[in-house]
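A quick write-up on the structure given underneath.
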Amino acid sequence: MADTRTVRAGRRSLTVHRPDKVLFPADGNGKEYTKGDLVAYYRAVAPFMVLHLRGRPLMLERHPDGIDGPLFMQKNVPEHYPEWIKRVEVAKEGGTVTHLVCDDTATLVYLADQACITPHRWLSRAGREHRPDRLVFDLDPSTGTTSPAYAKPPCSCGSCSMNCGCRPRR
C-alpha cells in the first residue's frame, strides 16, 4: 500500500495520505472504493460541485476508518489545515466556530484526503448566515417504497414552493 501520492488540483499540488485505504468496502458487485478513488471522483466533479459549495460554511462528515467505522462531524477547522483553505468565523451560543469554505478544487481534494465523504453545506452564504438563499426538501423514501409512491411528495413540495413565490434556479 502506497503511503502517499501527489495530485494536482488547480494551481496546487496536494499530498494524499494512504490513497489505498478502503473507504467503501466491496458490496455485492465486489468493487471497493479507496481514498484515492474519492480524490479522483472529487477532482472529476469539482467543476460542478464547487458551484454549490462556494461561499458557504461547511460541516464535514468524516469517516477516517471508512463508512463501516465510526464517523464524526467536524465544524471547527483544525489549526493544521493549510492556510490557503478559506475559513469563516460564525457566532454561536457562548462564542464562535470557524467553518471551512470550499471555493476551489484543491480544497475539495484536501477534504477527500481527510476522509470527508459528505461536506454538508449551509443554506446561507458566509457573511449572511441568517439569510438563507437555498431551500432543501430532504425526502427519503421508506425501504421498499416504489417509484410512483415517492414521486408525489416532491411534486407537492414544488407546487407549494411555486405558490409561495419561490422559483427554481436553472
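Any residue at all in segment 9-23 that is out of contact with any Phe, Trp or Tyr (no Cβ under 7 Å at 6 or more places or on another chain), open to solvent by less than 40 Å² (accessible area, probe 1.4 Å) and under 30 Å from residue 130 (Cβ atoms)? No; the residues of segment 9-23 include none that is out of contact with any Phe, Trp or Tyr (no Cβ under 7 Å at 6 or more places or on another chain), open to solvent by less than 40 Å² (accessible area, probe 1.4 Å) and under 30 Å from residue 130 (Cβ atoms). The condition of being exposed (fewer than 13 other Cβ atoms within 10 Å of the Cβ), at negative phi and at pLDDT below 75 holds for residue 156. In segment 90-126, what residues are small (Gly, Ala, Ser) and within 14 Å of the chain's Cα centre (by Cα)? Correct list: 106, 112, 115. When 40, 91 are checked against the criterion of being of a type in the set (A, V, I, L, M, F, W, C), surrounded by fewer than 16 Cβ atoms within 10 Å (Cβ to Cβ), out of contact with any strand residue (DSSP E or B) (no Cβ under 6 Å at 6 or more places or on another chain) and free of Cβ contacts under 8 Å to residues at least 60 places away in the same chain, a single residue qualifies: 91. The set of residues in segment 112-126 being open to solvent by less than 30 Å² (accessible area, probe 1.4 Å) and charged (D, E, K, R) consists of 113 alone.
Entry remark, segment 117-127: residues being outside any loop (DSSP other than H, G, I, E, B) and in contact (Cβ under 8 Å) with a residue 60 or more places away in the chain number 4 in total.
Looking at (1) outside any loop (DSSP other than H, G, I, E, B); (2) surrounded by 15 or more Cβ atoms within 10 Å (Cβ to Cβ), which one does residue 6 not meet, given that it meets all the others? Looking at each condition in turn, residue 6 falls short on (2).
Here residue 130 meets each of (1) assigned to a strand (DSSP E or B); (2) open to solvent by 30 Å² or more (accessible area, probe 1.4 Å); (3) not small (Gly, Ala, Ser) with one exception, condition (1).
The values are calculated or read from the model by the stated rules, or taken from the named source; none is laboratory data. Keep in mind that what you see is a predicted model, and the values were worked out from it rather than measured. Every residue, glycine as well, gets a Cβ built from its backbone with ideal geometry; the counts of neighbours run over all protein chains shown. Just the protein is used for accessible areas: all its heavy atoms, side chains included, with ligands, DNA and RNA removed. Shrake-Rupley method; radii C 1.70, N 1.55, O 1.52, S 1.80 Å.
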